[in-house]
Structures are given as structure tokens and as C-alpha cells.
């Protein structure tokens with residue numbers, strides 16, 4: 001199952017340069033890297049990245065991430081949380097999230 005991480009351009013560039021990251025400031029503060037599913041990622045973008053340009057969507061295979069825990073978050077929905085640094089080698093693909101008329105445009109997700 002693919003899961004998704006939204007990064008700002010500088011966060012993505014940092015991961016590429018260093019090979020790993022603790023994540024965005026919210027990830028560092030919470031002690032784990034936040035991810036979304038195909039069903040929740042658009043809502044995540046709207047809630048936490050409204051109006052932000054230069055975003056990048058990362059796709060990762062949940063089954064290969066350890067320790068990944070599914071924990072309740074918004075309205076009790078389970079979200080994947082990674083309790084280690086995110087590594088560049090974890091990323092399957094990346095895609096820009098252009099902002100058109102105030103809405104982030106996502107590629108086809110599986």
C-alpha cells in the first residue's frame with residue numbers, strides 16, 4: 001500500500017541533500033513522521049498547506065517502513081506514523097503539487 005508525505009520544496013531539497021530527515025517541523029515536534037493515505041492526502045493538503053506553493057508529494061510503500069504505526073488522528077481515522085528518520089531510499093517517487101485556483105492538483109494515486 002502506498003502512503004504519502006507532503007513536503008515544502010526546501011524540506012524535499014534537504015532530504016535529497018542529506019539522505020534522511022526527521023521531517024517537517026510538526027514531525028520533529030511530535031516525534032514521528034506524519035503520512036497520509038490516498039484517501040486522506042488531499043484533506044491534509046487543504047488543512048495544513050492551504051495556499052502553499054512549491055509543494056512536493058512523496059510516495060512510499062507502507063509495508064517496507066519499520067517501525068510504522070497506524071494511529072488515530074483526525075476524527076479517529078488511522079494515519080501512518082514513522083518512528084524513525086525518513087530516508088531518501090524510502091521514497092518510491094515524487095511529484096509536484098501545483099496550486100491552481102487555490103487547490104493542490106494531485107497526480108493519480110493508488
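Coordinate-derived values only; no laboratory data. What you see is a predicted model; the values in this text were computed from it and never measured. Reconstructed Cβ throughout: ideal geometry from the backbone, glycine too, with neighbour counts over all protein chains shown.
Annotation for the stretch 76-110 versus the stretch 7-59: alpha-carbon center distance of 7 Å.
Modelled this way, with points 7 Å down the Cα-to-C-beta line, the labels at residue 39 and residue 52 are 2.4 nm from one another.
Computed extension length for residue 16-residue 91: 26.0 nm, one decimal, from 0.36 nm per residue of separation with the Cα-Cα distance subtracted. When the alpha-carbon atoms of the chain are used, the pair Rg, Dmax equals 12.9, 38 angstrom. Taken along the Cα-to-beta-carbon direction at a fixed 7 Å, the label points for residue 69 and residue 9 span 3.6 nm. Here the contact order of the stretch 2-102, divided by its residue count and restricted to Cα pairs under 8 Å and six or more residues apart, works out to 38 percent.
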